[in-house]
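The values are calculated or read from the model by the stated rules, or taken from the named source; none is laboratory data. Here the structure is a predicted model, which means the values were calculated and not measured. Cβ coordinates were reconstructed from backbone atoms using ideal geometry, including for glycine residues, and neighbour counts include every protein chain displayed.
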Amino acid sequence: MESFSKQDVIVIILKTAYKKRDYQQIYSKLQAHLSMSQFMKFIFELMKYDLLKFTGSQIHYVITPKGVQYLQIYEELTGQLRSDLGRNSMIFDCCNWILKVMSSRKNKNKILENI
């Protein structure tokens with residue numbers, strides 16, 4: 001079973017609540033990872049910070065403008081992290097290639113010395 005961070009749970013709840021959803025529809029995305037009481041703690045915290053709100057009845061939730069802003073910032077930051085990781089990966093690939101070239105040159109020099 002995949003492990004979710006608190007951040008993952010918040011993002012899943014907010015993305016699922018983008019359209020008016022009842023708590024069962026939102027919980028169905030997370031029930032393999034959270035108990036109902038853990039889920040409700042997240043819901044209450046998101047409502048406390050005005051990222052999620054009730055609509056009409058007490059069982060339907062919708063993301064607030066502040067929640068949308070939170071998701072936008074989250075996507076921006078994770079995009080930057082992925083970009084940085086990709087850039088670092090290219091640097092490491094380049095360094096590995098240089099090391100391989102240098103190693104093969106040393107091996108060739110040893111062979112030539114032994115001749």
Those helices (runs of 4 or more DSSP H) completely within segment 1-58 that have 3 or more residues that are among the hydrophobic types (A, V, I, L, M, F, W, C) and crowded, with 16+ Cβ neighbours inside 10 Å are 6-16, 36-48
When you look at Tyr61, is it at pLDDT 60 or above, among the aromatic types (Phe, Trp, Tyr) and part of a helix (DSSP H, G or I), yes or no?
-> no
Keeping to segment 25-51, report how many residues are farther than 21 Å from Ser3 by Cα and out of contact with any Lys or Arg (no Cβ under 9 Å at 6 or more places or on another chain).
-> 2
